[in-house]
Amino acid sequence: MLAKDKKKKVIEKFKQHPQDTGSASIQVALLSERIKYLTDHLKQHKKDFHTRRGLLALVGRRRRLLDYLKKHDVGNYEEVLKELDLKK
């Protein structure tokens with residue numbers, strides 16, 4: 001799980017206006033942080049299949065959000081990909 005201060009930093013970095021806390025770019029960034037955390041967890045616990053299933057669900061959710069961003073705001077989509085160092 002993400003710590004409160006780390007989550008706040010991610011929101012500050014990706015927000016698009018002062019009250020923004022849940023735009024697609026922020027959701028993608030938060031999901032990416034959780035995915036990194038779970039990936040590290042699975043490197044140590046190779047047989048944790050419940051966590052693996054949850055990780056795959058998060059990856060799918062992030063993929064759908066990125067598709068939405070690409071469809072509605074191409075500039076923001078490319079910026080998020082660059083900031084998070086994701087491939088597409």
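The values are calculated or read from the model by the stated rules, or taken from the named source; none is laboratory data. A quick note: this is a predicted structure, and the numbers were derived from the prediction, not measured. All Cβ positions, glycine included, derive from the backbone under ideal geometry; neighbour counts span all protein chains shown.
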>> I need a count of the residues in the range 1-17 that are in a helix (DSSP H, G or I) and surrounded by 11 or more Cβ atoms within 10 Å (Cβ to Cβ).
In response: 8
>> Quick check on my filter: what residues within the range 44-55 are part of a helix (DSSP H, G or I) and surrounded by 11 or more Cβ atoms within 10 Å (Cβ to Cβ)?
In response: T51, R52, G54, L55
> Only one of (1) surrounded by 11 or more Cβ atoms within 10 Å (Cβ to Cβ); (2) out of contact with any helix residue (DSSP H, G or I) (no Cβ under 7 Å at 6 or more places or on another chain) fails for L31. Which number is that?
Replying inline: (2)
> Is there any pair with a first residue in the range 37-58 that is within 20 Å of A3 (Cβ to Cβ) and a second that is among the small types (G, A, S) whose Cβ atoms are under 8 Å apart and which are 6 or more apart or on different chains, and what are they?
Replying inline: L38/G54
>> Condition first: within 18 Å of D73 (Cβ to Cβ) and acidic (D, E). Now tell me which residues in the range 4-33 satisfy that.
In response: D20
> Somewhere in the range 18-30, is a residue among the β-branched types (V, I, T), without any contact (Cβ under 8 Å) to a residue 40 or more places away in the chain and assigned to a loop (DSSP other than H, G, I, E, B)?
Replying inline: yes
>> Of the residues K70, K87, only one is among the basic types (K, R) and either surrounded by 16 or more Cβ atoms within 10 Å (Cβ to Cβ) or modelled with pLDDT of 95 or more (or both); which?
In response: K70
> Does V74 meet the test of being touching a residue at least 40 places away in the same chain (Cβ under 8 Å) and of a type in the set (A, V, I, L, M)?
Replying inline: no
> Just to be sure, is K82 assigned to a helix (DSSP H, G or I), surrounded by 15 or more Cβ atoms within 10 Å (Cβ to Cβ) and not β-branched (V, I, T)?
Replying inline: no
